[in-house]
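The values are calculated or read from the model by the stated rules, or taken from the named source; none is laboratory data. If you're wondering where the values come from, they're calculated on a predicted model, not measured in any experiment. Here Cβ is always computed from backbone atoms with ideal geometry, including for glycine, and neighbour counts include all displayed protein chains. SASA here: full protein model, heavy atoms, side chains in, ligands and nucleic acids out. Shrake-Rupley method; radii C 1.70, N 1.55, O 1.52, S 1.80 Å.
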Amino acid sequence: MDGQLAETLPAPESTLQAEKASFLKQPKAVWATALAAVFAFMGIGLVDPILPAIATNLDASPSEVSLLFTSYFLVTALAMLITGFVSSRIGGKKTLLIGLAVIVVFSSLSGMSASVGELVGFRAGWGLGNALFVATALAVIVGVASGGAGTAIILYEAALGLGISLGPLLGALLGGWQWRAPFFGTAVLMAAAFIALIALLPKTPLPERKVRLRDPLLALGHKGLRTTAASGLFYNYGFFTILAFTPFILGMDAYGIGGVFFGWGVAVAVFSVFVAPPLQARFGAVKVLTGTLFLLMLDLAGLGLAAGHSVPAVVVLVIGAGALLGVNNTIYTELAMGVSDSPRPVASSGYNFVRWMGGALAPFAAAQLGEHFGPQVPFFAGAVAMAVAILVAVGGRSYLSSHEPHVV
């Protein structure tokens, strides 16, 4: 266990500088996988700019449309329990390709939906492909990247941030023309990623030990990983309250919503890659995590006060939240990958199973709260979720201490 922790702990400044120097010097396979991950993460925010248009064209309420997120993340969360089982038997490359193929099929079907029910169902299938790809991509990047696990995680978070920022932009550009177009555009991008991985990613070796279906749940028996996952669940509730509910209160067309969430996504990307690592190295994971969660709580409370009263204030607070979310994304990933003695893919599967449940619950719950109690209440509920995330992290800080970085 000590050896694995030493491998994943953030290193002293000299090692961090060496990792930064090697950040761009990666094999083609790493860039191909990272690019495919960008396309996969674009699917998360792709529907944001077209949510109002979907509601109008398919005669659906905001809560019905929010099920596009709920079905997607619920299936993603559940499928996380089988990704390690599958990839340890057929290999990482085949698992990635199957995930991409599933996304191509279901994103195409989403574009042909005749009702909101069909669209919700096809997004659920899309979530299965997303789980197979996303969970395996991190393990593959860690396995083939040069510069250590820290560099690999930063590369992964860069792909996540870039994908989250470009998703709303693509959704706006294509959705402003026709609401079905973003789904077909995603299918084309994922097909291109499929071809790139076939050409550039070498066959990945099978692990020495096959992962059992129960291993991700057993991994959560580790108090540090369980604390990280539980805090991440409430954190994701706030994250996806902002992402899924805000489009309905902006009163903008697809281009306006896409522009706001492009700015939000850029903030996520920049702060996850360039701000989170030095903050963690300077202050430690737990202090940075609880500090940014506290600021997110204030941000969500501010959104609650501004909702229905000031669109400019909502825009500023949404983009500001992106910066805080970017920092926390990196910290949570670092903790999940290194805080326990489980193999990284197994720990990642257990952690993602729990935290994506927050992403599944938040969109529908926020829409229901907004419809019945007003647009302010969903954000206040998100602020309460941040408070719970802080309490969980602080209560389990002793279990996270083994992952504290060298403070410089």
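Could we say that Phe122 is part of a helix (DSSP H, G or I), open to solvent by 30 Å² or more (accessible area, probe 1.4 Å) and in contact with a Ser or Thr (Cβ under 7 Å, 6 or more places away or on another chain) here? Here the answer is yes, as Phe122 does meet what is asked. Against the test of being without any contact (Cβ under 8 Å) to a residue 60 or more places away in the chain and either open to solvent by less than 10 Å² (accessible area, probe 1.4 Å) or more than 22 Å from Leu279 (Cα to Cα) (or both), the options Leu155, Leu169, Leu132, Leu173 yield a single qualifying residue, Leu132.
Figure legend. Inter-residue proximity from region 258-271: first residues closer than 14 Å to Val327 by Cβ and free of Cβ contacts under 8 Å to residues at least 40 places away in the same chain, second residues among the basic types (Lys, Arg) and part of a helix (DSSP H, G or I), beta-carbon distance below 6 Å, spacing 6+ or different chains. No pairs are indicated. Do we have Leu213 as in contact (Cβ under 8 Å) with a residue 40 or more places away in the chain, under 30 Å from Val392 (Cβ atoms), open to solvent by 20 Å² or more (accessible area, probe 1.4 Å) and among the hydrophobic types (A, V, I, L, M, F, W, C) here? Here the answer is yes, as Leu213 does meet what is asked.
Condition check ((1) within 28 Å of Thr83 (Cβ to Cβ); (2) modelled with pLDDT of 95 or more; (3) open to solvent by 30 Å² or more (accessible area, probe 1.4 Å); (4) not small (Gly, Ala, Ser)) across all residues:
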position	(1), (2), (3), (4)
Gln280	yes, no, no, yes
Leu300	no, yes, no, yes
Gly304	no, yes, no, no
Ile319	no, yes, yes, yes
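Exactly one residue out of Arg282, Arg355 is within 13 Å of Phe239 (Cα to Cα) and of a type in the set (Lys, Arg): that is Arg355. Any residue in region 342-349 that is open to solvent by 10 Å² or more (accessible area, probe 1.4 Å), part of a helix (DSSP H, G or I) and in contact with a His (Cβ under 9 Å, 6 or more places away or on another chain)? There is no residue in region 342-349 that is open to solvent by 10 Å² or more (accessible area, probe 1.4 Å), part of a helix (DSSP H, G or I) and in contact with a His (Cβ under 9 Å, 6 or more places away or on another chain).
Of these, Phe73, Phe85, which one is within 25 Å of Glu334 (Cα to Cα), part of a helix (DSSP H, G or I), open to solvent by less than 10 Å² (accessible area, probe 1.4 Å) and touching a helix residue (DSSP H, G or I) at 6+ places or on another chain (Cβ under 9 Å)?
Details: Phe85 fails: open to solvent by less than 10 Å² (accessible area, probe 1.4 Å).
That would be Phe73, the only listed residue that is within 25 Å of Glu334 (Cα to Cα), part of a helix (DSSP H, G or I), open to solvent by less than 10 Å² (accessible area, probe 1.4 Å) and touching a helix residue (DSSP H, G or I) at 6+ places or on another chain (Cβ under 9 Å).
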